[in-house]
1. Six or more apart or on different chains, Cβ atoms under 9 Å: show the pairs whose first residue is in region 21-39 and farther than 15 Å from PHE57 by Cβ and whose second is of a type in the set (Val, Ile, Thr) and open to solvent by less than 30 Å² (accessible area, probe 1.4 Å).
2. Which one of these does LEU88 not meet: (1) out of contact with any Lys or Arg (no Cβ under 9 Å at 6 or more places or on another chain); (2) at pLDDT 95 or above?
3. Could you please give the count of residues in region 1-53 that are closer than 18 Å to LEU96 by Cβ and part of a loop (DSSP other than H, G, I, E, B)?
4. May I ask you to list the residues in region 59-78 that are touching a Phe, Trp or Tyr at 6+ places or on another chain (Cβ under 7 Å), open to solvent by 50 Å² or more (accessible area, probe 1.4 Å) and outside any strand (DSSP E or B)?
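The values are calculated or read from the model by the stated rules, or taken from the named source; none is laboratory data. All of these numbers come straight from a predicted model, not from anything done at the bench. With ideal geometry, Cβ positions are generated from the backbone for all residues, glycine too; neighbour counts draw on all protein chains shown. Each accessible area value is taken on the protein alone, full model and side chains, heavy atoms only, with ligands, DNA and RNA left out. Shrake-Rupley method; radii C 1.70, N 1.55, O 1.52, S 1.80 Å.
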Amino acid sequence: MNTTGTLQTIDGRPALRFERRLPHPVERVWRAVSEPAELARWFVAPVHWTPAAGETFEAMGESGAITELDPPRALEWTWGDELFRFELRPDGDGCLLAFTHVLHDRALGAQHAAGWDS
């Protein structure tokens, strides 16, 4: 498991991927990545959504759309030119989280990686 993140290429674009084991059940982590009040605690912008597959939203002047929703296992959305994906699976009394951020600009990879790592 890579806890510090890796820079990969997905569909010809740079992407950061982090994998972590968290000491929380899948349902708790799902709330943290899907509920607006929880997202407001860590995401760069407030996100007002249900969420629902195909739902669109706006945050900080950028449009986004939920492209995959499989509660409580997978959530993927686009926001501007970027893509964010969370995958969760049970692991003992905690869960495994895989997070992927597909970037529009490789030059911003280190900056984003530092933010996601913290």
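1. Short answer, once both residue conditions are applied: LEU22/VAL29.
2. The single condition LEU88 does not satisfy is (1).
3. 8
4. PRO71
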